[in-house]
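Here the structure comes first, spelled out in structure tokens, and everything after it is commentary.
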Amino acid sequence: MIELSEAATTTAGVVLISVVAIESGGAFMVRVVTGGVPTTPFQTSFFRAGHAHAGVLVTLGLVCLLLGEATDLTGFVRWLAQTGVLVAAILMPMGFFFSAAGAGRERPNRWVVLLPVGGVVLAAGVVALGLGLLTT
């Protein structure tokens with residue numbers, strides 16, 4: 001049986017409660033794809049990608065949080081291994097949604113910078129966790 005640290009237990013609890021926000025994003029997506037919210041094709045695709053990334057990365061982030069408990073990692077590297085994917089689960093959807101916001105937008109605005117930043121954090125987190133698991 002896996003025993004979670006207090007930090008991991010708290011983080012998992014908060015993340016699970018945040019799933020309600022992803023659900024509300026799903027309700028928004030239903031309105032977008034049924035024509036209830038006027039959007040350009042670019043906006044529809046970015047909103048869809050933002051919602052998908054949020055759901056998938058939160059799920060992967062919870063798995064990483066659990067797997068991190070099985071490593072000998074400490075300090076910042078442990079934090080990165082256990083929560084890097086969860087940080088990316090915030091940054092990347094923000095990049096998709098915020099960069100597509102605004103009536104009639106056809107191209108991303110400056111918020112699109114959050115996508116590669118989130119990608120770097122995602123990669124750093126999974127690499128840190130992978131190496132931590134391989135060296136434990």
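Tell me the mean residue ellipticity at 222 nm calculated for the chain from its helices only (DSSP H runs of n ≥ 4, each -39500 (n - 2.57), averaged over every residue, nearest 500).
-27000 deg cm²/dmol
Calculate one ³J(HN,Hα) per residue across the range 6-14 by plugging θ = phi - 60° into the Karplus curve 6.51 cos²θ - 1.76 cosθ + 1.60, and present them in order as whole Hz with x for glycine and proline.
Each residue's phi maps through the Karplus curve to give 4, 5, 5, 4, 5, 4, 4, x, 5 Hz.
Could you work out what % of the accessible surface of the range 11-82 is carbon and sulfur, using a 1.4 angstrom probe and leaving DNA, RNA and ligands out of the count?
After summing per-atom areas, the C and S share lands at 74 percent.
Heavy-atom accessible area per residue, the chain, 1.4 Å probe: how many Å²?
57
Mind giving me the nanometre distance, one decimal, between the label points for Thr40 and Ala21, set 7 Å out from Cα along Cα→Cβ?
Reported label-point gap for Thr40 and Ala21 is 2.7 nm.
Once you order the gyration tensor axes a ≥ b ≥ c over the Cα atoms, which shape class does the range 1-45 get: rounded for a/c under 1.5, otherwise prolate or oblate by comparing a/b with b/c?
Since a/c reaches 1.5 and a/b is larger than b/c, the shape of the range 1-45 is classed as prolate.
Given that compact globular proteins tend to follow 2.2 N^0.38 Å, what is the ratio of the alpha-carbon Rg of the chain to that value?
Normalised Rg, Cα atoms only: 1.18.
Give, in nm to one decimal, the length gained when the segment between Ala123 and Glu69 is fully stretched (0.36 nm per residue of separation minus the Cα-Cα distance).
Stretched fully, the Ala123-Glu69 segment lengthens by 17.6 nm.
May I ask you to evaluate 6.51 cos²θ - 1.76 cosθ + 1.60, the Karplus curve with θ = phi - 60°, for each residue of the range 19-25 and list the ³J(HN,Hα) values in order in whole Hz, giving x for glycine and proline?
4, 4, 5, 5, 4, 5, x
Give a residue-ordered list of calculated ³J(HN,Hα) values for the range 80-94 (Karplus: 6.51 cos²θ - 1.76 cosθ + 1.60, θ = phi - 60°; whole Hz; x for Gly, Pro).
Once rounded to whole Hz, the list reads 4, 5, 8, 10, x, 5, 5, 5, 4, 5, 8, 5, 5, x, 4.
Can you check what the net charge comes to around Gly132, using other residues whose Cβ is under 14 Å from the Cβ of Gly132 (Lys, Arg +1; Asp, Glu -1)?
Summing Lys and Arg as +1 and Asp and Glu as -1 gives -1.
Could you give the distance between the Cα centres of the range 25-39 and the range 61-105, to the whole Å?
One Cα centre to the other: 25 Å.
The values are calculated or read from the model by the stated rules, or taken from the named source; none is laboratory data. Fair warning: this is a prediction, and the values are worked out from it, not measured in the lab. Neighbour counts run over all protein chains shown; Cβ positions are idealised from the backbone, glycine included. All accessible areas refer to the heavy atoms of the entire protein, side chains included, with ligands and DNA or RNA removed. Shrake-Rupley method; radii C 1.70, N 1.55, O 1.52, S 1.80 Å.
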